[in-house]
Amino acid sequence: MATNYETFEYDVLVIGAGGAGLRAAIEASAAGVKVGLICKSLLGKAHTVMAEGGMAAAMGNVDDRDSWKVHFADTMRGGQYVNNWRMAELHAKEAPERVHELEAWGAVFDRTKEGKISQRNFGGHRYPRLAHVGDRTGLELIRTLQDHGIHQGITVHMEYTIVSLLKDGERVVGAFGYDRERGRFRIFKAKAVVVCTGGLGRAYRVTSNSWEGTGDGVSLAYHAGAELLDMEFIQFHPTGMIWPPSVMGILVTESVRGEGGVLKNKEGRRFMYDDIPDNYKSQTSLDPEEGWRYTQNDKNAKRPPELLTRDHVARCINREVKAGRGSPHGGVFLDIAWIKEKLPNSAEHIKRKLPSMYHQFMQLANLDITKEPMEVGPTTHYAMGGIRVNGDTQATNVPGLFAAGECAAGLHGANRLGGNSLSDLIVFGKRAGEYAAKYAKENPAGQVNDAQVAAAYREAVEPFEHPAGSGSEGPYQVQYDLQNLMQTNVGIVRLQNEMETALAGIQQLKARAAKVAVQGHLEYNPGWHTAIDLKHLLTVSEAITMASLDRKESRGGHFREDFPNKDPEAAKYNSVISKAADGTMKFRREPIPPMPEALKQVIEEMK
Ligand SMILES: Cc1cc2nc3c(=O)[nH]c(=O)nc-3n(C[C@H](O)[C@H](O)[C@H](O)COP(=O)(O)OP(=O)(O)OC[C@H]3O[C@@H](n4cnc5c(N)ncnc54)[C@H](O)[C@@H]3O)c2cc1C
C-alpha cells in the first residue's frame, strides 16, 4: 500500500518553514544529516514574515545596563512565574549570539549612531532590547535564514500539508501529507521529525494570525501521543485594527507605543495611568513627560504604562470599551500623531520608524497615522501553550518527535513579552535542529506502517464522500461557528458557565465536522483544506477550553471574571493535556520543578 505513494526519505524532517523551522533545518543540516523541510505555503511566506517589532536579545547596545539576567527576570515576571525556567535561562543567555549570527549571515539591522545593532523599547522589557529592521523584522529574519539555508543542501517541499504523523510503535518515523498543487499524497520517512508549525489564532474570529495559524502541529503531535502544556494561556494583543470590518484583527505593532504612541479613551484620557499593577509600579512612570523621555531612550526615565505587559493592556482596553468610554467602532484610540508636539519633523520620523504601519493604515483604512489617531482593540495573537518539550533538547515525550517555535510551549509561561518570539525561534529552532540530528545519527530508520497510511488517507478524503444535502454542510460554516464560540466564551475575559457552554459546543461541532461535505478535486481545493484544518482547530479549541476551566484564577493571558486574582497555589503547577487510550482528551496538573537557587537570586536582584 505505502508503495503507491511517492516516498521521500530524510534523517530529519522539519514541518514548517517559519523562523523556527528554517533555523532547525539549517542546524540539522550543518550537523551533516539529510534534511527535508515542508511548508503549507511558498517558502518565505510563513507567518514569521508578518513579525514587525523585533527580536529580544540582551546585547546592551542602547543601554549597557542590560544583561541576560535582566532579560531572564523580565521574561519570568512577564510569564508570571509558570514559565519553564530552564528555557527562559537558555533563551536569555543565547539570544544575543543568535542575533549576531543572523548579522553574520547578512541580516541588515537598523543601527545606532555608533554603528551597533539598534534596539528598541517594548512592553515588559526593562531596557531597549529589540533588534529590529524598521517594523519589518520578520521579513528580514525569514530572508536571511532562507538565503543561508538554500546553500545548506536542504530539500524544500513547498505547498505541502502534513495531515498525520506516522509511528513505528511509540516512535515517530515520518509524516503523511499532500501536495496542494498536484493534489497527490506523499510519504515522508524520517529518523526524527521537528514540528515547527506556528500558532493557532485561527481558532478565534478576531485574530492577527495568517491563514496558516490553524494549530496543525499542536494537533498532529497530540494525536501522535505528545503532551500539551498550558493551553489556557492565549495572548490577546491589545492593539489590532478594528475598522473597517474587513481588516479587523490585523496587528498594530507594539512598536507604535515603543516609539511614543499613547492610548486614549473617547474622553481623551490616558486611561493606562489608572491601573498600574503592583509588581510593575517601581518600573513605571507616573507622569506622561517621563514616559515620553523613556521612549526616547532617556536612561533615567521609567516606561509609560502603555508599555506594560500585553495581557494587562488588553484588559484595560476591554474595561474602557465595556464602560462605554470606547471609540466609535468599539475600541480605543492609539495616537502617535501627538508627537508633533515634541518633534518638528514628526511625520517623517513616524514614516521612517513605522513604515508598515503608515502604509497599512493609509491603504486599509484611508487614515494618515502621522495626522490622526488609530482605532484599535484586542486581537487573538499568540499561543503561549503548545507542545510540551524538554527545555534543552526540544524533544517531546514521543521518541523521535521534537518541536520548536510558537507551537512549542514553556518559555513564555502565562504571557509572552513582545519580541521574545522571534528570539525563541532562533534559540530553540537551533537547539531542536541540533538534537533532532543527534537523535537521527543515533537511531536507525523505523518502519512505516501501511495501515496507518491507509487510515490517514481515508480520513483526509472522507469529506468528498459525504453527499451534499444529506445532513452534511460545508466546512466554512462549522469553522465560523467554532471561531465565534471560542471568541465569545473562551476569549479575553472568561467565566465558568461560558466555558462549559464552549466545551459542550465543541462536542456538537465535532459531530458536524465529521459530516462536512466538499466538492471538486484534490488540486488547490480551499473547501477541502478548510475541512482538514477544522479537525486541528477543534482539537486545540477543546484543549484550550479544558485547561481554562481547570485554572480557577487569573494569570497572564488567562483572565477569569469569576476568579479575578492570582492564586499562589496555582503558581506551582502547569496544565498538561494528553490523549487517553480511549481517544478522549485528559487533563492533569503537574508541579513546576523547583528553580535552582542561583536563578531565584537573579529574580530577587532584578525586582
Ligand atoms: C502581525 C504579527 C506581528 C508579530 N510581530 C512579532 C515581533 O515583532 N516580534 C516577535 O517576537 N514576535 C512577533 N510576532 C509573533 C511571531 O511572528 C510568531 O510567533 C512566529 O513568527 C512564529 O514562528 P514559527 O516559526 O513558530 O511559525 P510560523 O512562522 O507560523 O511558520 C509555520 C510554518 O509551518 C507551516 N505549516 C503549518 N501547518 C503545516 C502543515 N500541516 N503541514 C506543513 N506545513 C505546515 C507553515 O506553512 C509555515 O511554514 C508577530 C505575530 C504577528 C501575527
Residue pairs within 7 Å by beta carbon, gap of at least six or interchain, first lying in segment 291-309 and at positive phi, second surrounded by 22 or more Cβ atoms within 10 Å (Cβ to Cβ), listed first then second, are ASN297/PRO128
Of the residues in segment 117-141 that are at pLDDT 95 or above, assigned to a strand (DSSP E or B) and in contact with a Gly (Cβ under 7 Å, 6 or more places away or on another chain), the one that is surrounded by the fewest Cβ atoms within 10 Å (Cβ to Cβ) is LEU130
Subset of segment 14-41, residues closer than 11 Å to GLN146 by Cβ and among the aliphatic types (A, V, I, L, M), comes to ALA17, LEU22, ALA25, ILE26, LEU37
>> Kindly evaluate ALA543 against the criterion of being among the aliphatic types (A, V, I, L, M) and either open to solvent by less than 10 Å² (accessible area, probe 1.4 Å) or in contact with a Cys (Cβ under 6 Å, 6 or more places away or on another chain) (or both).
In response: yes
Only one of (1) open to solvent by less than 10 Å² (accessible area, probe 1.4 Å); (2) more than 14 Å from the ligand (Cβ to nearest atom); (3) not small (Gly, Ala, Ser) does not apply to LEU37, and that is (2)
By residue number, the members of segment 142-174 that are open to solvent by less than 30 Å² (accessible area, probe 1.4 Å), in a strand (DSSP E or B) and closer than 17 Å to LEU42 by Cβ are HIS157, TYR160, THR161, ILE162
Subset of segment 485-520, residues open to solvent by 70 Å² or more (accessible area, probe 1.4 Å), touching a residue at least 40 places away in the same chain (Cβ under 8 Å) and more than 10 Å from LEU549 (Cβ to Cβ), comes to LYS515, GLN519
Among GLY106, GLY177, the single one that is outside any helix (DSSP H, G or I), modelled with pLDDT of 95 or more and either open to solvent by 30 Å² or more (accessible area, probe 1.4 Å) or away from the ligand (no atom under 16 Å from the Cβ) (or both) is GLY106
Residue pairs within 7 Å by beta carbon, gap of at least six or interchain, first lying in segment 340-365 and assigned to a loop (DSSP other than H, G, I, E, B), second surrounded by 13 or more Cβ atoms within 10 Å (Cβ to Cβ) and of a type in the set (Asp, Glu), listed first then second, are LEU354/ASP135; LEU354/GLU259
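To keep it simple, each residue is scored yes or no on (1) of a type outside the set (Gly, Ala, Ser); (2) within 16 Å of the ligand (Cβ to nearest atom).
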site	(1), (2)
GLU9	yes, no
GLY16	no, yes
ALA24	no, yes
ALA28	no, yes
HIS47	yes, yes
ALA51	no, yes
ASP66	yes, no
GLN80	yes, no
MET87	yes, yes
Within segment 180-222, restricting to residues that are within 13 Å of the ligand (Cβ to nearest atom) and β-branched (Val, Ile, Thr), the one that is farthest from PHE402 (Cα to Cα) is VAL206
By residue number, the members of segment 232-272 that are within 12 Å of the ligand (Cβ to nearest atom), outside any strand (DSSP E or B), over 18 Å from ARG303 (Cα atoms) and not β-branched (Val, Ile, Thr) are GLY249
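The values are calculated or read from the model by the stated rules, or taken from the named source; none is laboratory data. Everything numeric here is computed off the predicted structure, so don't read it as measured data. Ideal geometry is used to build each Cβ from the backbone, glycine not excepted, and the neighbour counts take in all protein chains shown. What goes into the accessible areas is simple: the full protein's heavy atoms, side chains included, and nothing from ligands, DNA or RNA. Shrake-Rupley method; radii C 1.70, N 1.55, O 1.52, S 1.80 Å.
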